[in-house]
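Below: one structure, written as structure tokens.
The values are calculated or read from the model by the stated rules, or taken from the named source; none is laboratory data. Every value quoted in this text rests on a predicted model; they were computed, and no experiment measured them. Every residue, glycine among them, receives a Cβ derived from its backbone with ideal geometry; neighbour counts consider all protein chains shown. Only protein heavy atoms, including side chains, enter the accessible area calculation; ligands, DNA and RNA are left aside. Shrake-Rupley method; radii C 1.70, N 1.55, O 1.52, S 1.80 Å.
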Amino acid sequence: MLEAITWNTYFSTLAVGIAAYYITILVAYYPKEFRSLLSGRINKISQNRQQEEEQDHRRTDGKPTDHFEELETTVAELSGILGKAGQKRTSKETLLLQLIQMLSNHTGLREPAYRVAVINFILENAEKQCRISFSETELEEAWAAHSP
């Protein structure tokens, strides 16, 4: 029975099956792109998508934003503030005010993943360097209250 199937027939059937599979995926998950592909407007959509992505990654001053660089800068600034506060034995309220004022200048850190990372850094290092313990909700509420 298998001897009746040639390699040519096997590969032809395989190619048709794979093409049908990817067309099904394309139609199911990317219907707009598929319709534009059929109508010949694929270049327009890719240009529009690229422009939207560029606009998403720009700040109000027109410079591209790299959230990881901003996060690294923020962590360095936080380390400096916490170090000075530990040396001067700053009060909890004063330290919280300094931290929140510094964080309000970094608009790119409002995304949940970055916000959680910054809060965890503050929680861990404030205890180590300043012997001051904050709660997560305390930091969240203070940050939200001072955010524009």
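The set of residues from segment 90-112 being assigned to a loop (DSSP other than H, G, I, E, B) and modelled with pLDDT of 85 or more comprises just one member, SER91. In segment 113-124, the condition of being surrounded by 13 or more Cβ atoms within 10 Å (Cβ to Cβ), at pLDDT 85 or above and charged (D, E, K, R) is met by no residue. Restricting to segment 63-76, what's the tally of residues that are open to solvent by 70 Å² or more (accessible area, probe 1.4 Å) and either modelled with pLDDT of 80 or more or part of a helix (DSSP H, G or I) (or both)? Count: 3. For THR60, state whether it is polar (S, T, N, Q), under 27 Å from GLU141 (Cβ atoms) and at pLDDT below 85. For THR60, the condition - polar (S, T, N, Q), under 27 Å from GLU141 (Cβ atoms) and at pLDDT below 85 - is met.
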